[in-house]
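For reference, the structure discussed in these notes is given below.
The values are calculated or read from the model by the stated rules, or taken from the named source; none is laboratory data. From a predicted model like this one, the values you see are computed outputs, not experimental measurements. Counting neighbours? That spans all protein chains shown, and the Cβs are built from the backbone with ideal geometry, glycine included. Calculation scope for accessible area: heavy atoms of the full protein, side chains included, ligands and nucleic acids excluded. Shrake-Rupley method; radii C 1.70, N 1.55, O 1.52, S 1.80 Å.
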Amino acid sequence: MRAEARIVAEADGRGGTRLRVLRGESPLLLRRTGPRAGGAVTVHLVGGAAGPLGGDDLRLDVEVGPAARLTVRSVAAQLALPGRAGAPPSRLEIRAAVAADATLRWLPEPLIAAAGCRHRAGTRVEVAAGGRLLWRDDLVCGRHDEPSGDVRADVTIRYAGSTLHRHELAVGPGAPGWSGAAVLGGGRAVGALVLAGPGWPEPALLGGDAALMPLAGPGLLASAVGRDIRQVRAALDPLCAAPGE
Amino acid sequence: MSLATLLVLADGRLPAGGHAHSGGLEAAVAAGRVRDVGDLGGFLRGRLHTTGLVSAAFAAGACARTGDFRDLDRGLDARTPSPALRRASRAQGRALLRAGRAMWSLPELGREPHHPVALGALAAAAGLGPREAAVAAAHGTVSGPAGAAVRLLGLDPYAVHALLARLAPEIDRIAADAAARTDDPVDDLPAAGAPLLDLGAELHATWEVRLFAS
Amino acid sequence: MHPEPHEHGPDEAPHSHPDPGVDPHAPLPAAPRALRIGIGGPVGSGKTALVAALCRALGAELRLAVVTNDIYTTEDADFLLRNGVLPAERIRAVETGCCPHTAIRDDISANLDAVEDLEAALGPLELVLVESGGDNLTATFSKGLIDRQIFVVDVAGGDKVPRKGGPGVTTADLLVINKTDLAPLVGADLAVMDRDARARRGDLPTVFLSLVQDRAAAPVADWIRALVAARVPAP
């Protein structure tokens, strides 16, 4: 299945944000949620089918214009599943652009790598100088009591024209050493939260296998590894709360 | 290309500060994740296919693109979210430059380039190619912690070296791939991360007493 | 400068002589580079106490700093600070990766970085003391790291230590036989130690020390003062 979705948020000129474009197709269906009033807009990915499924080719574009504020969430976890025999890996490509003085908060539910899946997730975000980005990616390696499928996630976050954060994570039988003590140490859940731009909390150890680390450029990465997703949430959720939420 | 020169560059006794770095092993041991040779095997394999892959690509790049040090150095910054690991990489780069300047004629690389960048520059100055730079880089990312494991845990050194011998074909493949990608834009070079190496390094940096610098 | 030529008796313990290729009077660095003195010796011989005594004795007259290769805790730092020995910013600890020996001899990078960093942070220094981690009798400093080295042994280690020799005892620029106050308690014969040290070391000096009786380590401090005074002034 091929699908494309697009969100364009822009300032409404009265201190708020409006959605100029909100377009999706199954399984990338989008709904505006939350109150109409207030400065920020929330969009949920509602999901039109189980998946992604082997062979799916999905693409989402997000654009947040100057001074606009957008939060994207999802109603349920993505469950990456194997497709028909011989199908190519499933793909989800996300491109986002955040303008000056704009804020994008990307806070989806986790991706679950079901046994036998082969999934590639690619993310590329461009943040203009003065823009703010909060980008969360959680991954669960297999459903309850099953081995992990193969997932490769590739993230590039650029800020003010320079690459701030480049990260690839590969789990599953195709990723040598992924469950060893250097990578996940037998942990089944891992989460990352990139905070780019000005005005974030101070770096800190977050308890357990989690830390909020200052990047070399203007931003931070919170990283957490857990036996299951609860430990990752306990470490990262407090950093994702927005004022007023 | 001189094989003997490659041995000089990759020699564990090269006075470039490597003995004081455990490549994250000291933290993994303290966390109870590496207790025996089996655990160490998993640690080394994961490290090779993350940090090793990235180091190989950037060492090969720095060897082939002698004018691109700054871009490659920034590329490693973007791939190293842990400030403790950025410091460790730059400390080892600085130490490697000191050793390299005594052996070969090096270009200006700043005071503390990241270690893979320094290694690639040394390889180029020594007349080696990107593949050799990448082999030395990938090998170093596992031989260092393997030696640290022998010292920290008292593991059987023969069993530990057997692990390294089993990783050698993977090191060769990683190095060949790295050498084939030296023309790629920096953003497209490998960026394989290892969350527990980052987190372990941050925790390790707060310890009051450390036997290893990283 | 080397021991008198002598015969080796059949009942004599095997021993070594100073390496004739090593010039114990290599030129000292020109100021303003700090004079670097290595302080080595076996575990428990009193290296840290000697460093503390030297800091007390010399801290007011020389711009000095310390690099330690020993396991160094914030408790140690607090102890030195409380006793007015040296402020924390003048002390750097280097991690040796469980190879104390390697860090001062075979791969001196971390120690050189620490000395450079101290000089960068504190401005020009006159004296840097580099304390080794506790090691055995074969530990010596690289000449790439230090200008002169002191080897510290103690009488409680047995009065046969100087006779055993080893590179530390034999070639150090100054041998300190420490804890002489304990000699009667452990049955160590200082005369024997003195005689053996002379036989091993030729003209190289040996001093006896008890930090209980001499908290300022006067003979060692004087030896260092003479070295600092002998330095070539900066051009």
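Structure notes:
- Rounded percent of accessible protein surface that carbon and sulfur make up, region C:35-229, 1.4 Å probe: 54
- Taking every C-alpha pair closer than 8 Å and separated by at least 6 residues, the mean separation divided by the residue count of chain C gives a relative contact order of 30 percent.
- Whole-Hz couplings from phi, Karplus 6.51/-1.76/1.60, listed for region B:49-59; x for Gly and Pro: 8, 10, 4, x, 4, 5, 4, 4, 5, 7, 5
- The P(r) of region C:35-229 has a tail past 20 Å containing 52 percent of all C-alpha pairs.
- Shielding score for B:18-30, defined as the mean number of other chain Cβ atoms within 10 Å: 4
- Cα-based shape type of chain A, given that a ≥ b ≥ c are square roots of the gyration tensor eigenvalues and the cut on a/c is 1.5: oblate
- Rounded tilt (10° steps) of B:157-180 against the dominant C-alpha axis of chain B: 30
- Here region A:14-141 carries DSSP beta bridges of which approximately 10% are antiparallel, counting only pairs with both residues inside.
- Debye log10 I(q)/I(0) at q = 0.07, 0.10 Å⁻¹ for the protein assembly as shown, Cα point scatterers: -0.57, -0.98
- Amide H contacts of A:Trp106 (H built 1.01 Å from N, in plane; Pro and chain starts excluded): A:Val72, A:Leu134, A:Trp135, A:Arg136 sit under 5 Å, all sequence-distant by 5 or more or on other chains.
- Based on DSSP H segments of at least four residues, each scored -39500 (n - 2.57), chain C has a per-residue ellipticity at 222 nm of -8500 deg cm²/dmol.
- Per residue, region C:35-229 exposes 38 Å² of accessible surface when a 1.4 Å probe is rolled over the protein heavy atoms with every protein chain present.
- Rounded tilt (10° steps) of A:229-240 against the dominant C-alpha axis of chain A: 10
- Mean-position separation - Cα centroids, region A:45-84 and region B:1-16, in angstrom: 49
- Rounded to 10°, Cα long-axis angle of helix C:109-122 versus longest principal axis of chain C: 40
- Summed buried accessible surface, chains B and A, 1.4 Å probe, nearest 100 Å²: 2500
- Solvent-accessible heavy-atom area per residue, rounded to whole Å², over region A:177-234 at 1.4 Å: 36
- Gap separating the Cα centres of region A:101-137 and region B:93-167, nearest whole Å: 34
- Adding -39500 (n - 2.57) for every DSSP H run of four residues or longer, then dividing by how many residues chain A holds, sets the calculated 222 nm ellipticity at -1500 deg cm²/dmol.
- Amide H contacts of C:Val130 (H built 1.01 Å from N, under 5 Å, at least 5 apart or other chain): C:Ile37, C:Gly38, C:Ile39, C:Val67
- Taking every protein chain into account, the 1.4 Å probe leaves A:Ile94 with about 10 Å² of accessible area, to the nearest ten.
- Threshold 40 Å², region A:197-236 residues less accessible with all protein chains present than alone (1.4 Å probe): A:Leu205, A:Asp209, A:Met213, A:Pro214, A:Ala216
- Rounded percent of accessible protein surface that carbon and sulfur make up, chain A, 1.4 Å probe: 52
- Interface between chains C and B: roughly 1500 Å² of accessible area buried, both sides summed (probe 1.4 Å, protein heavy atoms only).
- Mean Cα-pair separation over length for chain A, i.e. relative contact order, pairs under 8 Å, 6 or more apart, %: 13
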